[in-house]
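Worksheet: the structure to be examined is printed underneath.
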Amino acid sequence: GLKLFEGNYIKDLSAGITLEQNYTDSSSHNTQIAAETGYRLEFKVPNTGFTVYSDGSYRRFARSRNDTASDLLDRLELNAKVSTSLYRNLSLDIFAKWLYATGKKIPGFGNSLETGFSISYKQLFKLKK
């Protein structure tokens, strides 16, 4: 792939070609090729204790003679998270994840939305030599 941009708020903007192994149908473990683009951003909300994170990717899969009903043509995934520190290394995160997909052989689309919150602990452990 190719990293197109890297900055203070937009941490990563990329494009590339990727391979994905499909294990849905046990009779044929076909490898699928896709063009992919993605992003990752992070910024602190001024005058608050909140940090916003977001990342996402879009894949467009190539057609093949081995395509099955479970093979995707397009897949878009978007993630967003707002995080705030509770105490020292402990933080509260509120998140949302959206997935949208279309199939190669089946018309229409499918999507899902997942939301929730989590409590996370962050600690960097340094190994001694």
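Looking at region 79-96, is at least one residue under 21 Å from Thr18 (Cβ atoms) and not basic (Lys, Arg)?
Keep residues of region 79-96 that are under 21 Å from Thr18 (Cβ atoms), which gives 79.
Filter again for not basic (Lys, Arg), leaving 79.
Yes, because at least one residue in region 79-96 is under 21 Å from Thr18 (Cβ atoms) and not basic (Lys, Arg).
Does Ala80 meet the test of being more than 23 Å from Thr115 (Cα to Cα) and among the aliphatic types (A, V, I, L, M)?
Details: more than 23 Å from Thr115 (Cα to Cα): no; among the aliphatic types (A, V, I, L, M): yes.
Judged against the criteria, Ala80 is not a match.
Which condition number in (1) surrounded by 15 or more Cβ atoms within 10 Å (Cβ to Cβ); (2) at pLDDT 95 or above is the one that Leu72 fails?
So Leu72 meets the others, but not (2).
Of Ile33, Ile106, Ile94, which residue is in contact (Cβ under 8 Å) with a residue 24 or more places away in the chain, of a type in the set (Val, Ile, Thr), open to solvent by 70 Å² or more (accessible area, probe 1.4 Å) and assigned to a strand (DSSP E or B)? If you could, list the steps in order and put the result at the bottom.
Values: Ile106 fails: assigned to a strand (DSSP E or B); Ile94 fails: in contact (Cβ under 8 Å) with a residue 24 or more places away in the chain.
Sole residue among the options that is in contact (Cβ under 8 Å) with a residue 24 or more places away in the chain, of a type in the set (Val, Ile, Thr), open to solvent by 70 Å² or more (accessible area, probe 1.4 Å) and assigned to a strand (DSSP E or B): Ile33.
If I filter region 109-129 down to residues being polar (S, T, N, Q) and more than 23 Å from Ala34 (Cβ to Cβ), which single residue comes out as surrounded by the fewest Cβ atoms within 10 Å (Cβ to Cβ)?
So the first thing to find is which residues in region 109-129 are polar (S, T, N, Q), and the list is 111-112, 115, 118, 120, 123.
The next check asks that each one be more than 23 Å from Ala34 (Cβ to Cβ); those that pass are 115, 118, 120, 123.
Numbers: Thr115: 10, Ser118: 11, Ser120: 12, Gln123: 7.
In this case the residue turns out to be Gln123.
Can you run down the residue pairs with Cβ atoms below 9 Å, 6 or more apart or on separate chains, where the first is in region 14-25 and aliphatic (A, V, I, L, M) and the partner is loosely packed, with under 13 Cβ neighbours inside 10 Å and not in a strand (DSSP E or B)?
Ala15/Gly1; Ile17/Gly1
Anything in region 97-108 that is under 14 Å from Asn22 (Cα atoms) and in contact with an Asp or Glu (Cβ under 6 Å, 6 or more places away or on another chain)? List them, or say none. If you could, list the steps in order and put the result at the bottom.
The first filter runs over region 97-108 and keeps only residues under 14 Å from Asn22 (Cα atoms), leaving 103-104.
Within region 97-108, just Lys104 meets the criteria.
For the condition modelled with pLDDT under 90 and more than 21 Å from the chain's Cα centre (by Cα), what is the one hit in Asn47, Asn22, Asn30? Lay out the reasoning, then the answer.
Numbers: Asn47 fails: modelled with pLDDT under 90; Asn22 fails: more than 21 Å from the chain's Cα centre (by Cα).
Only one candidate passes the filter, namely Asn30.
Residue under question is Glu77, and the condition is that it be closer than 30 Å to Leu124 by Cα, of a type in the set (Asp, Glu), touching a Leu at 6+ places or on another chain (Cβ under 9 Å) and modelled with pLDDT of 95 or more; does it hold?
Working: closer than 30 Å to Leu124 by Cα: yes; of a type in the set (Asp, Glu): yes; touching a Leu at 6+ places or on another chain (Cβ under 9 Å): yes; modelled with pLDDT of 95 or more: yes.
Yes.
So, of the residues in region 93-127 that are over 16 Å from Leu78 (Cβ atoms) and aromatic (Phe, Trp, Tyr), which turns out to be modelled with the highest pLDDT?
The extreme case among them is Phe117.
The values are calculated or read from the model by the stated rules, or taken from the named source; none is laboratory data. This structure is a prediction, so every number in the text was calculated from the model and none was measured. With ideal geometry, Cβ positions are generated from the backbone for all residues, glycine too; neighbour counts draw on all protein chains shown. The area values use the complete protein model at the heavy-atom level, side chains included, leaving out ligands, DNA and RNA. Shrake-Rupley method; radii C 1.70, N 1.55, O 1.52, S 1.80 Å.
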